[in-house]
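Asker: Dropping the structure in here first, questions after.
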Amino acid sequence: MRKPSIRRTCAALAAVTSLALAATACGGTTKEDVKEEGGKAATAGKADPNAETKKGLTVGFLPKQVNNPYFTVADKGGEKALKELGSGYKEVGTSSGTDTAGQVSYVNTLTQQQVDAMAVSAQDPGALCTALKQAMKNGIKVVTYDSDTNPECRNAFISQASADDLGRTQVRLLAEQIGNKGEIAILSAAQTATNQNAWIDIMKDELKDPKYKDIKLVTVAYGDDDAQKSFQQTQGLLQEHPNLKGIISPTTVGIKAAAQYLSGSKYKGKVMLTGLGTPNDMRKYVKNGTVEAFELWDPAKLGELAARTAVALSSGQITGKEGETFEAGAMGEYTIGADGVINLGRPTVFTAENVDQYNF
Ligand code: RAM
């Protein structure tokens, strides 16, 4: 993938924005110095946990994909929290989950608009880095949520749950459903997605455990978080692997499309499906016997934590360094972990017994 050079991006920035901002973004005087520390971007200066929470800030949300119901819920959580905190919210983004160039240009737009902070879910770990570093040079706080960039390209990452936990639990769920035996496949999102790739690496590691010696991962397919492509990929998986016993789809778009395909096919209830889905999308497939169990975190809480972290960073209460703590309203206190990662909590497993208790 072609990454924009600093010169090209700066020339583009100068062409569309005020000269002062372009000069700042391209190496002129900056509001604050950003230095790399411990593999992540941390702003110079010390955190003041007692600093007043600033009001009237603008936080821009840039999800992986705007028309994805998962991000609609997540970003609404961010909007609600910002309202409570007396700050403003805006959302920009691409409708395709594989439009990294589009994401780069939205980062630049938010920088030009001089937002105070941005919350970004990255389609690719490296592609946004130049643009995000320019944003930080302009004093804009950058948090990633859901899908990270390289750590030095943001101040903090709001992780939905530990990647380790998510990768291993999805394998355990499927292994149980297929009696620890048979061929399995993974139906992922975009091939570059940081979050899915992190989970898939852990799944492969989990599968090395001798207790899974009779399970064989035959392939990883990519549906790009596009419903139609994910549906077709599921169909293809079953045609190419007639002995397939189960599919893990760690994406809300993928698991829904796979469930839709299985539920209308002869494989319903025979080929097991698990992964990450929303209760609202999956309810009918759990009830009609296509799916036994799947998992997810509360996306609204993820968006809320991203917003609250962005405001805490902008208020100087935290800088993104490991060990700093901050109050996230009713969500309680959070501590920043290694590499600026903040974990939301543990995922919930949904089955026919509890799926009706959730509405997202
Ligand atoms: C999709 C996206 C998102 C992921 C969820 C589980 O909506 O790929 O990044 O976290 O699924």
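The values are calculated or read from the model by the stated rules, or taken from the named source; none is laboratory data. Keep in mind the model is a prediction, meaning the values are calculated, not measured. Note: ideal-geometry Cβ built from the backbone for every residue, glycine included; neighbour counts use all protein chains shown. Surface areas here come from the heavy atoms of the whole protein model, side chains and all, with no ligands, DNA or RNA. Shrake-Rupley method; radii C 1.70, N 1.55, O 1.52, S 1.80 Å.
Asker: Using a 7 Å offset from the Cα along the Cα-to-Cβ direction at both Lys213 and Lys46, what is the distance between the two label points in nm, to one decimal?
Answerer: 5.8 nm
Asker: Between Lys90 and Thr109, 0.36 nm times their residue separation minus their Cα-Cα distance comes to what?
Answerer: Here the segment from Lys90 to Thr109 would lengthen by 5.6 nm.
Asker: Follow-up question, since we're still on this one. For Ser188, enumerate residues with amide H under 5 Å from its amide H, sequence gap 5+ or separate chain, H modeled in the peptide plane.
Answerer: Ala221, Tyr222, Gly223
Asker: Moving to a separate point now. Once fully extended, how much extra length lies between Ser265 and Gln239, figured as 0.36 nm per residue of separation less the alpha-carbon to alpha-carbon distance?
Answerer: On the way: separation 26, 0.36 × 26 = 9.36 nm, distance 1.20 nm.
That pair, Ser265 and Gln239, stretches by 8.2 nm at full extension.
Asker: Roughly speaking, to the nearest percent, how much of the chain's 1.4 Å accessible area is carbon and sulfur?
Answerer: With neighbouring chains kept in place, the figure for the chain is 48 percent.
Asker: Additional query: Would you work out if region 163-296 is rounded, prolate or oblate? Take a ≥ b ≥ c from the square roots of the eigenvalues of the alpha-carbon gyration tensor; rounded if a/c is under 1.5, else prolate when a/b is larger than b/c, oblate otherwise.
Answerer: Verdict is rounded for region 163-296.
Asker: Here's another thing I want to ask about it. Taking the Cα-to-Cβ direction at Val220 and at Asn288 and moving 7 Å from each Cα, how far apart do the two end points lie in nm?
Answerer: For Val220 paired with Asn288, the spin-label model returns 3.1 nm.
Asker: What is the spin-label model distance, in nm, from Asp205 to Gln228 if the labels are put 7 Å beyond Cα along the C-beta direction?
Answerer: 3.8 nm
Asker: What order do you get for 205-217, 59-71 when each peptide is scored by the mean count of other beta carbon atoms within 10 Å, highest first?
Answerer: Values: 205-217: 13.6, 59-71: 24.5.
Taking the mean over residues of other Cβ atoms within 10 Å, the ranking is 59-71, 205-217.
Asker: Please state the Cα pair-distance histogram of the chain with 10 angstrom bins from zero: what percent is in each bin?
Answerer: P(r) over the chain, rounded to whole percents: 6, 25, 31, 22, 12, 4, 0.
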